[in-house]
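Working notes, structure below.
Only the coordinates and a few stated rules stand behind these numbers; no lab work does. Remember, it's a predicted structure, so these values are computed and weren't measured experimentally. With ideal geometry, Cβ positions are generated from the backbone for all residues, glycine too; neighbour counts draw on all protein chains shown.
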Amino acid sequence: EYCTPECPDPRSLVIYDKAGEIIVQKLAEKVSVLNECDIAIHKKSSDGHGNASGCHENYSISPELFKRLTTNPVRDPSVRAWATFLAVRQILTGGGKIGSEFSGANCPFQISQRADFIVAFRNNLTLTDRPVIQCRDEALADQKLVRRLHVIVGDTNMCEWAILLKTGLSALMLMALETGYFETRKLPVFKDFVPKIIRSISRDISFQKSYDTEPVNMSAIDILLHHLEALTEFLSNDRPAYLSEELVSIYFDVL
């Protein structure tokens, strides 16, 4: 495993993530020489035999938002907005996968390697019954000021732009939820969100399938486009005051 340090913005995270790849690769080369063997390193989210490896993300958010996302009823607007976003962001950030490792779930190709392993809506597990919304309550800082939202639904990425989009868009989405932005700027959300929607989107490589969403049924790509439009407006007009001009510029690059 490799863990990045805490990062103030998604661009820094990309740099540290790629540094981790270099560190691991150099260690593998040294061990290969010392043991007179060849060691290959694969950065992926599943091994082809039904076992998954997590690419865990962590976001610092307000205690109020953490409580809403991890304890409020599923019908809560913030919970539904966050879950819907996590389901559709794989269109941009999925690692890609040939086939499926589970019988009865065959497909020629899917967008996400992780999708097959997301089977619950919300819990605090990471090795079994993996959820859309992970509830691990381990602040790692002054929990009166900030809480750590643990996200395990995403794929491991080699592409730098995919890492930037995955973390940058997620951070923006959480900022908007903290400010209550979506109380007035409504987003399309799944009516009855269940984990199988994530698997369905992963297999919907033509983006033609229509999903049961409010206010009207939409394709996954249309749902994502609505999110991107809303986040662009949020960053342009209603962004939090603590974002410096440099950070604003980085997030506009993400969008």
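Just a few scattered comments:
- The protection proxy used here, the mean number of other Cβ atoms lying within 10 Å of each residue, ranks peptides 78-90, 108-120, 38-50 as follows, highest first: 78-90, 108-120, 38-50.
- Taking the Cα centre of the chain as reference, the dipole from Cβ charges on Lys and Arg (+1) and Asp and Glu (-1) amounts to some 600 debye.
- The chymotrypsin sites (Phe, Trp or Tyr not before Pro) of the range 225-255 meeting both criteria, a DSSP state outside H, G, I, E and B (loop) and at most 10 other C-beta atoms within 10 angstrom of the site's C-beta, are Tyr242.
- Under 5 Å, built H, 5+ apart or other chain: amide partners of Met218: Tyr211, Thr213
- Sites Ser12 and Asp238, calculated FRET efficiency, Cβ-Cβ separation with R0 22 Å, nearest 0.05: 0.35
- Given 13 as the ceiling on other Cβ atoms within 10 Å, longest exposed-site-free region of the chain for GluC sites (Glu not before Pro) in DSSP loops: 139-255
- Taking a sphere under 10 Å around the Cβ of Tyr211 and counting the other residues whose Cβ falls inside, with K and R at +1 and D and E at -1, yields a net charge of -1.
- Candidate aspartates and glutamates for bridging to Lys209, where Cα separation is under 17 Å - those fewer than 8 sequence places away on the same chain excluded: Asp192, Asp222
- Of the chymotrypsin sites (Phe, Trp or Tyr not before Pro) in the range 127-207, those whose Cβ has at most 13 other Cβ within 10 Å and which sit in DSSP loop: Phe207
- Spin-label model distance (nm) - Leu92 vs Glu1, 7 Å beyond Cα toward Cβ: 2.8
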